[in-house]
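Student: Structure incoming, see below.
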Amino acid sequence: MPPRGCAAAGLLLVLLVLRACAARASEITFELPDNAKQCFYEEIAQGTKCTLEFQVITGGHYDVDCRLEDPDGIVLYKEMKKQYDSFTFTASRNGTYKFCFSNEFSTFTHKTVYFDFQVGEDPPLFPSENRVTALTQMESACVSIHEALKSVIDYQTHFRLREAQGRSRAEDLNTRVAYWSIGEAIILLVVSIGQVFLLKSFFSDKRTTTTRVGS
Amino acid sequence: MAGGGGLRAAVAALVLAAWGAHGLYFHIGETEKRCFIEEIPDETMVIGNYRTQLWDKQSEAFLPSTPGLGMHVEVKDPDGKVVLSRQYGSEGRFTFTSHTPGEHQICLHSNSTRMALFAGGKLRVHLDIQVGEHTNNYPEIAAKDKLTELQLRARQLLDQVEQIQKEQNYQRYREERFRMTSESTNQRVLWWSIAQTGILILTGIWQMRHLKSFFEAKKLV
């Protein structure tokens, strides 16, 4: 193989790997303490289509502040106290994009936040995706099934998050019912018995004071 | 030789490209612990890749790589039992497979003594967590099993469908738990309401009888 061909093949491989590396999706669930702000950064190339989706799973009123900034500091997306949102944008320039979640408005509730940051399209299945022929019918059927299954998995994720929300509320309710019922029963007993003895003490005191005044 | 030089340059560029491959990053303090939650069905594989960079005060930038910097990775299963607890270097890859469905907690913290020298040291951590069918490396599977393109696509679809099935099973398990919790709440509300009404009536009766005998003794009634 001629040296020039070897170098060219190497360069092509590098370019393909770079293209593959440019596409990624990060799905992360993390806990945001009260009065805290957590930021994530990602380096994005110009012209890449990106999607940021977030949802609050547990905590308080299930809301969080979100802010997305481009490398120049220009705010691309800013929402306060949102429970769920999805934002798509195309990177206008190269650089580090930053997005932050803030729970600074809350005084004592931790929040669990899920976000899915998709950068670019999914990497192709094969490294040598520079095909000269079009896809056969079987292959394009496989591709469309793959896309459909991806959206099924996506819907499943959202369903799981909503179910987690509902379940955490139900479990909260369960423990709250137990503690408050026991507390109320105790208060009821204490107040009833206390009332009787307080009333008795009114009558006992009067009797002693009248006798003292008399003599 | 020009060809060899070109190939070496290509390999070097590939290595550099692989370094930039960990996209998402965040900053973490010296002894700060950062935890991430993964809610997954059972028998699901999770692969995490991370890379750390230390903030250098002199150059006011993050160093490209810092050997000697360690990260401790701890993974707990839904019951709180520790599944994985290991120390890795400044760049590492951790893998675990879930055996019980539910919320697994992945915690990372740095316990490097070198950072104590840099007061207020900041650490940049690149993190990438892949779950389930995203952990499969298809070009590798194709090479190992010698699959044609169509066979590989079919394999990918099968993996995806398997993941969907696992998630559906997990969904059934979660729904059962939800139903049990709701039934328990229902029972508790019922019995505690009856109990409180009973206590109310009994203490009312006791109050009246006690006060009546008290007033009769005091000759007020």
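Student: Determine the pairs where a residue that is assigned by the TED database to the domain that holds A:THR112, located within region A:66-79, has a partner that is among the β-branched types (Val, Ile, Thr) and in a strand (DSSP E or B) with Cβ atoms under 6 Å apart, the partner being 6 or more residues away or on another chain.
Tutor: Matching pairs, first to second residue: A:GLU69/A:VAL75; A:PRO71/A:THR96.
Student: Select from region A:20-52 the residues that are within 14 Å of chain B (Cβ to nearest Cβ) and acidic (Asp, Glu) and write down the one among them that is least open to solvent (accessible area, probe 1.4 Å).
Tutor: Selected residue: A:GLU42.
Student: Going through region B:159-179 one residue at a time, which ones are open to solvent by 60 Å² or more (accessible area, probe 1.4 Å), of a type outside the set (Lys, Arg) and facing another protein chain (nearest Cβ under 10 Å)?
Tutor: Hits for region B:159-179 are B:VAL161, B:GLN168, B:GLU175, B:PHE178.
Student: Select from region B:67-97 the residues that are of a type outside the set (Val, Ile, Thr), part of a strand (DSSP E or B) and touching a residue at least 40 places away in the same chain (Cβ under 8 Å) and write down the one among them that is farthest from B:LYS33 (Cα to Cα).
Tutor: Filtering region B:67-97 for residues that are of a type outside the set (Val, Ile, Thr), part of a strand (DSSP E or B) and touching a residue at least 40 places away in the same chain (Cβ under 8 Å), the one farthest from B:LYS33 (Cα to Cα) comes out as B:PHE96.
Student: Only one of these is under 30 Å from B:LEU63 (Cβ atoms) and of a type outside the set (A, V, I, L, M, F, W, C): B:ASN169, B:ASN137. Name it.
Tutor: After ruling out the rest, the residue left standing is B:ASN137.
Student: Enumerate the pairs (first residue in region B:132-143 and more than 24 Å from B:GLN168 (Cβ to Cβ); second residue anywhere and open to solvent by 30 Å² or more (accessible area, probe 1.4 Å) and not in a helix (DSSP H, G or I)) with beta-carbon separation below 6 Å, excluding pairs fewer than 6 apart on the same chain, so at least 6 apart or on different chains.
Tutor: The qualifying pairs are B:PRO139/A:PRO127.
Student: Oh, and also: I'm checking my understanding of the structure. Among residues of region A:169-195 that are open to solvent by less than 50 Å² (accessible area, probe 1.4 Å) and more than 10 Å from chain B (Cβ to nearest Cβ), which one is nearest to B:THR203 (Cα to Cα)?
Tutor: Here the answer is A:GLY194.
Student: Take the residues of region B:48-77 that are modelled with pLDDT of 85 or more and surrounded by fewer than 17 Cβ atoms within 10 Å (Cβ to Cβ): which is farthest from B:ASP128 (Cα to Cα)?
Tutor: Among those that are modelled with pLDDT of 85 or more and surrounded by fewer than 17 Cβ atoms within 10 Å (Cβ to Cβ), it is B:HIS72.
Student: Still on this model: How many residues are open to solvent by 40 Å² or more (accessible area, probe 1.4 Å), modelled with pLDDT under 90 and assigned to a helix (DSSP H, G or I) if we restrict to region A:132-142?
Tutor: Within region A:132-142, residues that are open to solvent by 40 Å² or more (accessible area, probe 1.4 Å), modelled with pLDDT under 90 and assigned to a helix (DSSP H, G or I) number 3.
Student: Would you call A:PHE202 free of Cβ contacts under 8 Å to residues at least 40 places away in the same chain, loosely packed, with under 13 Cβ neighbours inside 10 Å and within 17 Å of A:TYR62 (Cβ to Cβ)?
Tutor: So A:PHE202 fails the test.
Student: Would you be able to tell me the number of residues in region A:55-65 that are more than 12 Å from A:TYR114 (Cα to Cα) and either part of a strand (DSSP E or B) or of a type in the set (Ser, Thr, Tyr) (or both)?
Tutor: 1
Student: When region B:194-214 is examined, which residues are found to be more than 8 Å from every other protein chain (Cβ to nearest Cβ) and either touching a helix residue (DSSP H, G or I) at 6+ places or on another chain (Cβ under 8 Å) or polar (S, T, N, Q) (or both)?
Tutor: Those that are more than 8 Å from every other protein chain (Cβ to nearest Cβ) and either touching a helix residue (DSSP H, G or I) at 6+ places or on another chain (Cβ under 8 Å) or polar (S, T, N, Q) (or both): B:THR197, B:SER213.
The values are calculated or read from the model by the stated rules, or taken from the named source; none is laboratory data. Since the structure is predicted, the reported quantities are computational estimates derived from the model, not experimental observations. Note that we place each Cβ from the backbone using ideal geometry, even for glycine, and neighbour counts take in every protein chain shown. These accessible areas exclude ligands, DNA and RNA; they are computed on the full protein's heavy atoms, side chains included. Shrake-Rupley method; radii C 1.70, N 1.55, O 1.52, S 1.80 Å.
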